[in-house]
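Since the structure comes first, as structure tokens, the remarks are kept for the end.
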Amino acid sequence: VDLALNRSAARGLSLQNQIFEQIRMQILEGRLRVGEPLPATRALSEQLQVSRNTVALAYERLTAEGYIETKPSVGTFVSAEIPETALKAAASETPPQPATTKRTTRLFSMARHRAQALVNPHPRKLVADFWIGRPDADTFPIKTWSRLIAERLRTSKGALTEYRYPTGIPELREEIAAHLRPARGIITSPEHIIIVGGCQDGLNLVARLLVEQGAPVILESPCYQGAAYLFESFGAELFTVPVDEKGIQTRRLPEVRNGTAYVTPSHQYPMGATLPLDRRLELLAWALRTDSFVIEDDYDSDFRFCGSPLTALKGLDCSERVIYLGTFSKCLGAGLRLGYIVVPPSLVEAAGQLKTLMNNGQPWLEQAALADFMSTGGYLRHLRRIRKLYLARRNALVSALRRHFGDVDVIGDQAGMHLIWRLCDYLPPAKEVEACALSVGVGAYSLPSAGAAFFPPSAETSRYLALGFSSLSEAAIGNGIARLAAALGAAQVRTSKKPHHSITTPRARRRTVLATE
Ligand SMILES: Cc1ncc(COP(=O)(O)O)c(C=O)c1O
């Protein structure tokens, strides 16, 4: 055996580990061949000037891991069990090649697209960052949460050590079912609720349940990247239906069979429309007629700034065609990774089995704390508080835009945590406004940067700027818009209000390629 102990190169490794590693590598690289003898422990210890026990322990570990074998009264050899051909392939000199199997084409096609733009590109660097869909970190009920977590930990018993409740802990599912009736008009029971790691996890589960290669999936255009990229990754055949000022144009839904439509009826993402009743009913009728399912993503519906809370599409779903996705990412925080799906009876069993296969359920501790937060009324109090706060911030943003840019065309500001500003005609396209804003320390986002996918990009979509208001104080909002106005030279403000209309092409498209720019 050609061994040399280089003590400085192997800093931190014990002598025993160095011997083990070197012999192991010589075997893996084919320098020590299958069946070749190794020196006796005494000989090697003398050669290396280490104790015999050190060598013996290294040999013991090599034997335990299957690299060498000892034949009593004969000697120690490289194990005959090691497949030499596999070793040769692994040790070949050629640099690693990307795999070229059919399976990986899916990955390659995904790589053409950017990752979903949810992670804030400028964390903490900007003077005013109108990043979308982000709750104010200072509003997180940290004291109550810490207390609830500590209490649950104290009484956890087996909860942290057992596999239990793949579909979510019963207390939380009960609380959510009880909350959904008054809040969203959904009458359901805990058995139909599955706790997931946010909407994205819920979408994955539903896609695994319903979408196979080539299956028709209907998307709003524009829509949420997180959903569009996901369905694309499942090899779905994507159909896109344009959105206008009322939301998805349901008359243009394609007459496919066994489709899956992904929609955001409460606050269309990203344009912010609330789908009116006639279109909701049309969507449900379409699902029934075409034997399809509708996924309702209700990501930020807790924030409705006019009128009473809207009944969710799921609340109208007499024929059990709607899968409802809810999340705590917007009302509490995305770091919790907690959400839920409400599943029609026909899918409950399969969805529960899938959730078990995927991960055996979400972490117990946060579920338990959240159940307690809801049952003690803390959650509703928290919601009331942040609703008021975000309303004031929405108002501050609209006023600041008017102050600096005149009679601005603002869309989708009746609900949610962001609004869309249709840029005045004298301003450059959104991408340029975004870059200009950034140069003065302001985050303002064109639709692709704000996590929207659209089909295909049009001159019209480049006129929209997304501005999130929930995480900024009223003062920061005022300051940010003033800076933006100064940078854009908006002193020569001209009122330029145009009615906004359909922002994509008029007919549903087939085999859509997702736009990335
Ligand atoms: C349309 C839409 N759905 C869902 C989410 C949230 O997903 P999650 O619950 O996975 O955090 C977002 C976040 O921005 C969103 O914009």
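The values are calculated or read from the model by the stated rules, or taken from the named source; none is laboratory data. Just so it is clear, the model here is predicted, and its values are computed rather than measured. Cβ sites come from the backbone with ideal geometry, for glycine too, and all protein chains shown count toward neighbours.
I'd like to know if the stretch 264-273 contains one or more residues that are at negative phi, assigned to a loop (DSSP other than H, G, I, E, B) and away from the ligand (no atom under 16 Å from the Cβ).
Among the residues of the stretch 264-273, not one is at negative phi, assigned to a loop (DSSP other than H, G, I, E, B) and away from the ligand (no atom under 16 Å from the Cβ), which makes the answer no.
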- Task: Hey, could you check the stretch 293-314 for residues that are crowded, with 22+ Cβ neighbours inside 10 Å and small (G, A, S) and say which is farthest from R463 (Cα to Cα)?
- Result: A312
- Task: Identify the single condition in (1) closer than 18 Å to S329 by Cβ; (2) in a loop (DSSP other than H, G, I, E, B) that Y390 does not satisfy, given that it satisfies every other one.
- Result: (2)
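Say whether the condition of being within 16 Å of the ligand (Cβ to nearest atom), under 30 Å from R394 (Cβ atoms) and touching a helix residue (DSSP H, G or I) at 6+ places or on another chain (Cβ under 7 Å) is met by at least one residue in the stretch 279-295. Can you show your working first?
First pass over the stretch 279-295, keeping only residues within 16 Å of the ligand (Cβ to nearest atom): 294-295.
With the extra rule that they be under 30 Å from R394 (Cβ atoms), the set shrinks to 294-295.
The next check asks that each one be touching a helix residue (DSSP H, G or I) at 6+ places or on another chain (Cβ under 7 Å); those that pass are 294-295.
There is at least one residue in the stretch 279-295 that is within 16 Å of the ligand (Cβ to nearest atom), under 30 Å from R394 (Cβ atoms) and touching a helix residue (DSSP H, G or I) at 6+ places or on another chain (Cβ under 7 Å).
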- Item | Residue among I169, I176 that is in contact (Cβ under 8 Å) with a residue 40 or more places away in the chain and within 16 Å of the ligand (Cβ to nearest atom) | I176
- List the pairs whose first member sits in the stretch 326-355 and is modelled with pLDDT of 95 or more, whose second member is near the ligand (Cβ under 10 Å from one of its atoms) and of a type in the set (D, E, K, R), and whose Cβ atoms are under 7 Å apart, counting only residues at least 6 apart or on separate chains? G326/D298; K330/D300; G339/D201
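Rundown of residues vs (1) surrounded by 24 or more Cβ atoms within 10 Å (Cβ to Cβ); (2) under 25 Å from the mean Cα position of the chain (by Cα), yes/no style:
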| residue | (1), (2) |
| --- | --- |
| L126 | no, yes |
| F140 | no, yes |
| L153 | no, no |
| A159 | no, no |
| Y163 | no, yes |
| E175 | no, yes |
| I195 | yes, yes |
| V217 | yes, yes |
| Y224 | yes, yes |
- Task: For the stretch 449-476, enumerate the residues that are in contact with a Lys or Arg (Cβ under 8 Å, 6 or more places away or on another chain) and under 11 Å from P222 (Cβ atoms).
- Result: F455, Y464
- Task: Give me the pairs, please: first residue somewhere in the stretch 214-236 and without any contact (Cβ under 8 Å) to a residue 12 or more places away in the chain and within 22 Å of G133 (Cα to Cα), second residue anywhere and within 15 Å of the ligand (Cβ to nearest atom) and in a helix (DSSP H, G or I), beta-carbon distance under 7 Å, and either six or more positions apart or on two chains.
- Result: none
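If a residue must be β-branched (V, I, T), part of a loop (DSSP other than H, G, I, E, B) and modelled with pLDDT under 90, how many such residues does the stretch 63-92 contain?
So the first thing to find is which residues in the stretch 63-92 are β-branched (V, I, T), and the list is 63, 68, 70, 74, 76, 78, 82, 85.
When the remaining residues are screened for being part of a loop (DSSP other than H, G, I, E, B), the result is 74, 82.
Okay, now just the ones that are also modelled with pLDDT under 90, so 82.
Total satisfying the criteria: 1.
Looking at the stretch 227-245, which of the residues that are small (G, A, S) and surrounded by fewer than 21 Cβ atoms within 10 Å (Cβ to Cβ) is nearest to the ligand (Cβ to nearest atom)? Talk me through it step by step, then tell me what you get.
From the stretch 227-245, those small (G, A, S) are 227-228, 233, 235-236; that's our starting set.
Those still in the list that are surrounded by fewer than 21 Cβ atoms within 10 Å (Cβ to Cβ) too: 233, 235.
Working: S233: 15, G235: 22 Å.
The extreme case among them is S233.
So, of the residues in the stretch 15-62 that are part of a loop (DSSP other than H, G, I, E, B) and under 45 Å from the mean Cα position of the chain (by Cα), which turns out to be farthest from V74 (Cα to Cα)?
Ranking the candidates gives E29 first.
Kindly establish whether C318 is within 28 Å of L423 (Cα to Cα), away from the ligand (no atom under 16 Å from the Cβ) and not hydroxyl-bearing (S, T, Y). Can you show your working first?
Working: within 28 Å of L423 (Cα to Cα): no; away from the ligand (no atom under 16 Å from the Cβ): yes; not hydroxyl-bearing (S, T, Y): yes.
Criteria not met by C318.
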- List every residue pair whose Cβ atoms sit under 7 Å apart, with the two residues 6 or more apart in sequence or on different chains, where the first one lies in the stretch 51-74 and is within 16 Å of Q18 (Cβ to Cβ) and the second, anywhere, is among the charged types (D, E, K, R) and not in a loop (DSSP other than H, G, I, E, B). R52/R42; L62/R24; Y67/R24
- Scanning the stretch 119-150 for residues that are more than 16 Å from the ligand (Cβ to nearest atom) and assigned to a loop (DSSP other than H, G, I, E, B) gives H122, R124, K125, L126, V127, P141
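Just to confirm my filter: which strands (runs of 3 or more DSSP E) fall fully inside the stretch 406-491 and include at least 1 residues that are surrounded by fewer than 23 Cβ atoms within 10 Å (Cβ to Cβ) and on the phi < 0 side of the Ramachandran plot? Give the steps one after another, and end with the answer.
Working: elements: 409-411, 418-422, 464-468.
Those strands (runs of 3 or more DSSP E) span 409-411, 418-422.
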- When restricted to G326, G335, the only residue crowded, with 21+ Cβ neighbours inside 10 Å and within 16 Å of the ligand (Cβ to nearest atom) is G326
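So, in the stretch 184-218, exactly how many residues are acidic (D, E) and within 15 Å of the ligand (Cβ to nearest atom)? Quick ask: steps written out before the conclusion?
At the first step, the residues of the stretch 184-218 found to be acidic (D, E) are 191, 201, 212.
Now restrict to residues that are within 15 Å of the ligand (Cβ to nearest atom): 201.
Going through the stretch 184-218 one residue at a time, the tally reaches 1.
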